[in-house]
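Encoded as structure tokens, here's the structure I'll be asking about.
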Amino acid sequence: AYEIRPRDWSSDVCSSDLEEGQHIAKGNLLVRIDEAENAAELEKVRAELQVKQAQLRMLQAGPRPEEIALQRRDVETAQTKAEYLRQQLAEAERIQALKPAKTQASLQKAQEQLEYARSEYQRLDRLYKDGLAARQQWEKARQEMLSAEKEAEAVAAELEIVRADDQAETRKDYAVAQREFEQARSRLDLLLAGTRSEQLESARAEIAQLDAQRKYLETQLQQGSVISPVDGVLATPKMKEKAGQRVRKGDLIANVL
């Protein structure tokens, strides 16, 4: 009797269409192992291997002239944007520096007008109480004083806003544009420098690792089919009932006499 046992794989689903007493020729399929997971993984590894091989060829060839030209345009675009925002920021800061002085002058004028309106109101208020001024004059002076107070308060509030405005948003936009320009220039420098030997070695190592994994999975799939090594008669009862069973490395699958 020739005992057939799986030697190189662990638990998998076992299936067979053979019956006890059936004649078996050398090389006939005895049992097929379900290798769906390994098959899916093999396809994934093959695809990754193709991608890495293509990337290695690109690294070996180096950057194309059109890639360098495109990156140069990206650098020029980023530089133009950064320079524009720098000029915008400089102009905004120049205008910002003038605003406080102008607003301060407006505030001083409003305070002088308020002082005058208060003085005029106080004068007419005394005359009105002594019966020497008409109520209409007194009311007009009072309204002018109240209006002057509101105007002075509004200009004072405007001065606070002007002093608080520090162009934070414009500075942020300029900083982002400057960083984008520097990154674009770094990418151009890398293209012009060409492929480094370390990059080639790393790519080759990744390909070797994937290729080894591919060969292993292919071997596993080949070993999923158990072939009879001899001519004979199947002596294992209820062979079909093994369908769906789990077999482990070293388990007895079949006897061929």
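With every protein chain in place, what's the accessible area of K215 (1.4 Å probe, Å², nearest 10)?
110 Å²
While we're looking at this one, here's another question. If a paramagnetic tag sat 7 Å from the Cα of R214 along the Cα-Cβ line, which residues of segment 41-75 would have the backbone N under 13 Å from that point?
The answer is 42-56.
Which of the lysines could be linked to K240 by a straight reach, that is with a Cα gap under 30 Å, when you skip same-chain ones fewer than 8 residues away?
In chain and number order, the partners are K26, K249.
So which of K215/K238; K44/K215; K109/K140 end up more than 23 Å apart, counting from Cα to Cα?
With Cα atoms farther than 23 Å apart: K215/K238.
If you don't mind, there's one more thing I want to ask. Give the lysines reachable from K102 as a straight Cα distance under 25 Å; neighbours fewer than 8 places away on the same chain don't count.
Qualifying lysines at Cα under 25 Å: K150.
The values are calculated or read from the model by the stated rules, or taken from the named source; none is laboratory data. None of the values given here were measured: they were computed from a predicted structure. Ideal geometry is used to build each Cβ from the backbone, glycine not excepted, and the neighbour counts take in all protein chains shown. Side chains included, ligands, DNA and RNA excluded: accessible areas come from the protein's heavy atoms. Shrake-Rupley method; radii C 1.70, N 1.55, O 1.52, S 1.80 Å.
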